[in-house]
Structure formats: structure tokens, C-alpha cells
């Protein structure tokens with residue numbers, strides 16, 4: 001049975017891996033540059049505008065934030081990378097926790113990665129994709145803020161990024177997405193539902 005995204009509830013925040021929920025069930029993590037619209041995407045996908053914290057100041061998500069869909073399935077909002085105006089020692093701490101979570105979390109099924117449709121494949125995006133590829137973690141990319149592009153430009157951006165993608169990850173998938181216009185939700189849910197399939201389900 002597919003999860004009910006509107007039933008999602010905040011579970012807990014963690015600054016270290018030891019503070020995270022028990023490593024069981026299925027988790028899907030959301031990552032992206034601090035200004036790529038990650039929190040807005042989570043809120044729209046779950047039809048709850050107050051779920052993940054959004055801010056006009058990028059980089060405010062400094063913890064691993066866990067949201068429960070049911071007893072076995074969770075979404076995780078990871079710290080934004082690449083833009084946040086914070087002290088270097090804090091930035092290094094985030095990166096350390098992020099690396100530990102992605103590499104050691106057994107219940108992590110996949111990553112949903114946000115990239116601004118107008119500015120894809122920034123250095124940190126590429127590093128994240130190559131890293132996910134190295135540890136054989138599936139990735140689905142949302143090209144966010146696609147509403148800021150005209151129709152032909154949207155199609156061109158999607159085509160161009162699809163061609164580039166295999167350079168960095170062997171089997172990542174990609175789509176257009178707009179939190180503002182609420183487009184791309186069903187396509188994203190299809191991927192999430194596949195990842196959230198519990199092994200003993202028929």
C-alpha cells in the first residue's frame with residue numbers, strides 16, 4: 001500500500017547519527033543546495049505548507065529532520081549545502097553528519113535531490129551525485145523552480161540535464177518540478193511509492 005503523504009508528522013531532529021530514530025523501516029532523504037527549494041518541495045509533496053521549515057535565508061536547516069509517514073516509512077530533510085552563510089566549522093560539522101548518515105544508514109532507500117532548473121549541476125550537486133553513485137544509492141532529481149522558465153526553456157533544460165546525468169550517476173532519474181505551480185507532484189510520488197514499497201507487500 002502506498003503511503004498517505006498527508007498523514008505525515010514531524011518525528012524528531014538530530015544533530016548526530018546517534019540521535020536519529022532506530023535504523024529500521026524505509027527512509028528517503030531530501031538533499032540539495034540551500035537555495036534550491038528543498039523545504040518547499042517537501043511541503044508540496046505532502047500537501048502541508050507548514051511541514052518543513054522554509055526561510056528567506058537559505059541554509060537554515062542545520063539538523064537532520066525526520067518526518068514519519070507511518071510506523072515503517074519516513075522522509076528526512078537533510079541540511080542544505082553549498083550556499084549557507086555560516087561559520088566554516090559548523091559547515092564542516094554538517095558535512096560530516098551528512099556523510100555519516102548517507103554511508104551508514106541501512107534503512108535509507110534513496111535520495112531525492114533538488115536542483116534549480118535554471119542552474120543545474122553546481123559543484124556540490126556533482127559531488128553529491130558522484131558520491132551517491134559510489135555508494136550505489138539511487139537518486140531522483142527534481143529540477144525545481146521550473147515555473148521560472150518558459151515552456152521551450154523547460155523542455156530544453158530537462159533534455160540537457162538528462163544527457164549530462166550519466167556522467168555523474170549511472171542510473172539516476174530526473175524530472176521538472178515546481179512547488180509554486182504544484183507541477184510534477186504525481187511523477188515524484190510515483191518514484192517515492194516505488195522506493196517506499198515494503199519488501200513483504202504483495
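Some observations on this one:
- For residue 158, the conditions (1) surrounded by 13 or more Cβ atoms within 10 Å (Cβ to Cβ); (2) within 25 Å of residue 49 (Cα to Cα) all hold with the exception of (2).
- Selection count, the range 173-197, where residues are without any contact (Cβ under 8 Å) to a residue 12 or more places away in the chain and under 15 Å from residue 29 (Cα atoms): 1
- The range 1-40 - residue that is assigned to a helix (DSSP H, G or I) and touching a helix residue (DSSP H, G or I) at 6+ places or on another chain (Cβ under 8 Å) and, of those, nearest to residue 139 (Cα to Cα): 5
- Hey, residue 172 closer than 19 Å to residue 193 by Cα and surrounded by 13 or more Cβ atoms within 10 Å (Cβ to Cβ) or not: yes
- Qualifying residue in the range 33-47 (condition: closer than 26 Å to residue 174 by Cα, surrounded by fewer than 19 Cβ atoms within 10 Å (Cβ to Cβ), at pLDDT below 85 and out of contact with any strand residue (DSSP E or B) (no Cβ under 8 Å at 6 or more places or on another chain)): no
- Within the range 171-196, the residues that satisfy the criterion of being part of a loop (DSSP other than H, G, I, E, B) and within 18 Å of the chain's Cα centre (by Cα) are 171, 172, 177, 179, 180, 182, 184, 196.
- Condition met for residue 53 (part of a loop (DSSP other than H, G, I, E, B), in contact with a helix residue (DSSP H, G or I) (Cβ under 9 Å, 6 or more places away or on another chain) and modelled with pLDDT of 85 or more): no
- Pair list, Cβ under 6 Å, 6 or more apart: the range 141-169 residue free of Cβ contacts under 8 Å to residues at least 40 places away in the same chain, other residue surrounded by fewer than 18 Cβ atoms within 10 Å (Cβ to Cβ) and not in a helix (DSSP H, G or I): 147/180; 147/181
- Among residues of the range 131-155, those that are within 17 Å of the chain's Cα centre (by Cα), in a helix (DSSP H, G or I) and over 19 Å from residue 170 (Cβ atoms), counted: 1
- Residue 14 being surrounded by fewer than 17 Cβ atoms within 10 Å (Cβ to Cβ) and modelled with pLDDT of 90 or more: no
- Qualifying position, being within 16 Å of residue 27 (Cβ to Cβ), modelled with pLDDT of 85 or more and surrounded by 17 or more Cβ atoms within 10 Å (Cβ to Cβ), among 106, 77: 77
The values are calculated or read from the model by the stated rules, or taken from the named source; none is laboratory data. These numbers were taken from a predicted model, which means no experiment stands behind them. Ideal geometry is used to build each Cβ from the backbone, glycine not excepted, and the neighbour counts take in all protein chains shown.
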